[in-house]
Structures are given as structure tokens and as C-alpha cells.
1. What is the fewest-to-most order of 159, 42, 62 by other Cβ atoms lying within 10 Å of their Cβ?
2. Hey, how many Å between the Cα centroid of the range 122-149 and the Cα centroid of the range 1-35?
3. If you rank 170, 93 by fewest surrounding Cβ atoms within 10 Å, what's the result?
4. Once label points are set 7 Å from the Cα along Cα→Cβ at both residue 93 and residue 7, what is their separation, rounded to one decimal in nm?
5. Over all pairs of distinct alpha carbons, what does the Kirkwood formula give as the hydrodynamic radius of the range 1-89, in Å?
6. If you rank 74, 5 by fewest surrounding Cβ atoms within 10 Å, what's the result?
7. Between residue 237 and residue 69, what is the label-to-label distance in nm when each label sits 7 Å out along the Cα-to-Cβ direction?
8. If each residue of separation counts as 0.36 nm, what is the full-extension length gain between residue 187 and residue 61 once their alpha-carbon separation is subtracted?
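Here, each number is a calculation from the coordinates, and none is a lab measurement. Just so it is clear, the model here is predicted, and its values are computed rather than measured. Positions of Cβ are generated from backbone atoms using ideal geometry, with glycine treated the same way; all protein chains shown enter the neighbour counts.
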């Protein structure tokens, strides 16, 4: 068991849960850096995502930041598309490039969104929500993420939600997509779990609890987010060029 891997896993789960995310892009980056086989990456990341996003959602929900009407248009199409995406087999080289691109979104999310200002929130157009949900759901299932690294910047960019509302909606969006993705992988016979996954789940759960509680009290962890962005960048470069 690599202690450095577990420590980095803990940090990733703390940071992502503090902004309402499950952390799949971070877990995938970490697994890529440590040479985890691609066949193990999707189910492992989705399992960790499922747990940490649920913990984050419960924390922000108790804080009164969840809006069901905001979630609905995105989730109607994302759940079935996440299932479809997860059911598809993907070449390992193609998977690496797609994951690298998603990690770039993760970097942008970490560095840019904390400085964003949402202004007066407004309800997203239903057709736009359906389209965005379908695209994010498919990508989520195909890559093994929850889609929050792309959804949350959109919510803030178009002023559809405030910072904490975005965290609450992103967390449950990630949870539902991760669940649909795991079901899709299972039905398709593509689930191969890492034998160390139980330990990973335990560490990620601790980080999720710490991060989600800290996020609800506006913990200033910007410097640590820069460190995490560096990890994502290193992993994406490895996926593109190694």
C-alpha cells in the first residue's frame, strides 16, 4: 500500500468535497500518475465519486442550498446517457486522451471558479438543461466521472446558481450520474475493482466528511487548490505524452 497515494487521495477528497464535487477527475489523475490499469480506473473512480459526492450533498443540503428545480432539467437526460456511456467499451489510448481533456476542465474548475461571481441567480432554460445534461451524462459514463467539473462552471458562468447552490446541485448530479455509470458498467460486465478499493473508500470518506463540512463554512483552501491543479496538470501531461 503506497502511503503517498493515500495521502494524496485524502487531500483530493477534501478539496473536491469542499466545493460539492465527488473528486473523480482527481482520483483518475492520481491513478494515472501511479500507473493504475485503465480497466480498473473507471469503476474505482465512480465508486469513490459515489461516496464522496453523497457526503458533500448531505452537508450542503442541510445548509439549505439545494434547489430541486435547478437540478431537474440536467438530470432528466444525464442519468440515461451516463448509463449508455458507461456501457460502451473504449480503447485504452482513446480513453487516455479523453481523460486528459477532462482533467484540463478540472484544472480550470479549481483555478477559475473560486473567483467567479454568480450575481442574481436565474432558472436555466429547460431545453438547454436537457442538452447539457445529455452531453455531460454521456461523457461522465464514458470516462468515469460525475460531470460536476463541467456543470458547475456552467451554472456560475450563466448565473443559474450561486456558489453554494452550485455545490449542492453539482454534488447530487455527480452522485446520480456515478450511480448510473456503475450500473452501466456492471450490466456490461466491465466492472473490475482494484483489490485496494476498500482502503481507498475509507480514506476518501474521511476526506469527504472533512471537506464538505469545511466547504459549508467557507474554508479558504485556495493554496491547496493550486497544488491539486498541479497534480491534475501533471497527470494530463502524462496521459497526452507518455
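1. Values: 159 15, 42 28, 62 12.
By the 10 Å Cβ count, ascending: 62, 159, 42.
2. 23
3. Arranged by neighbour count, lowest to highest, 170, 93 become 93, 170.
4. 3.7
5. Numbers: mean 1/r = 0.0689 Å⁻¹.
The answer is 14.5 Å.
6. On the way: 74 30, 5 18.
Taking fewest neighbouring Cβ atoms as first place, the list is 5, 74.
7. Each label point lies 7 Å from its Cα, and together they span 4.7 nm.
8. Numbers: separation 126, 0.36 × 126 = 45.36 nm, distance 3.12 nm.
Fully extending the segment from residue 187 to residue 61 adds 42.2 nm.
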